[in-house]
Amino acid sequence: MNRIRLVVNGREREIEVEACKLLVHAVREDVGLTGTHVGCLTGDCGACTVLVDGASVKSCSVLAVQADGAEITTIEGVAGDDELHPVQRAFWDEFGFQCGYCLPGMLLTARELLDRMPDPDDDAIVQAINGNLCRCTGYGSILRSIRCAATRMAASGEPAEEAS
Ligand code: FES
Ligand code: FES
């Protein structure tokens, strides 16, 4: 077993994991945050997306030991204490999800995009969510949601990471 340290949603966590354990399984089973979904486990669907040191990462394609010392943001860390993050609110208002299985990964990808590119055009949005599959929405409402979030965050004058 390997003892590793992660800062998950701002809280320091020390866990013991086997060398072969995937980050997605460590987050769900050892940290106990099950909002990160397991889909394909082959790096294709994006359901397992989390932020690792601010970058969106498919957590099924990383070993937990490789993330030792990293800051991890999961879907549980996106909202503020009393209110949804603007990206979450926009997906709610623009019907950006149906079954919701893709949603945690999609939201973290969208948030990472808006952190580094506050005013993305449609091509940039499509490029960003290229690795996040949604079987329900047809993507039009997802595009609208991310555009809406960008507009609202620009109006509030706050970068995405501070808007929650
Ligand atoms: Fe990780 Fe599908 S579960 S990309
Ligand atoms: Fe069902 Fe995206 S809302 S997979």
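The values are calculated or read from the model by the stated rules, or taken from the named source; none is laboratory data. These numbers were taken from a predicted model, which means no experiment stands behind them. We work out accessible area using only protein heavy atoms, side chains counted, and drop any ligands, DNA or RNA first. Shrake-Rupley method; radii C 1.70, N 1.55, O 1.52, S 1.80 Å.
Principal axis lengths of the chain from Cα atoms, whole Å, largest first?
47, 31, 25
Roughly speaking, what is the stretch gain from ARG116 to VAL38, that is 0.36 nm per residue apart minus the C-alpha to C-alpha distance, in nm to one decimal?
That pair, ARG116 and VAL38, stretches by 25.5 nm at full extension.
Let me see the pair-distance distribution of region 3-42: every alpha carbon pair, 5 Å bin width, integer percents in order.
Reading the bins upward from 0: 6, 21, 35, 23, 12, 3.
For the chain, what % of the accessible area comes from carbon and sulfur atoms, probe 1.4 Å?
Using a 1.4 Å probe with all protein chains present, the chain comes out at 46 percent carbon and sulfur.
Quick check for you: with a 1.4 Å probe and neighbouring chains kept, what is the accessible area per residue of region 14-85, in Å²?
45
Would you calculate, for the chain, the mean residue ellipticity at 222 nm contributed by helices, counting each DSSP H stretch of 4 or more residues as -39,500 (n - 2.57) and dividing by all residues, to the nearest 500? Write down the numbers at each step before the final one.
On the way: 4 runs with 46 residues, N = 164.
Result for the chain, helices only: -8500 deg cm²/dmol.
Cα convex hull of region 66-141: how many Å³ per residue?
Normalising the Cα hull of region 66-141 by residue number yields 121 Å³.
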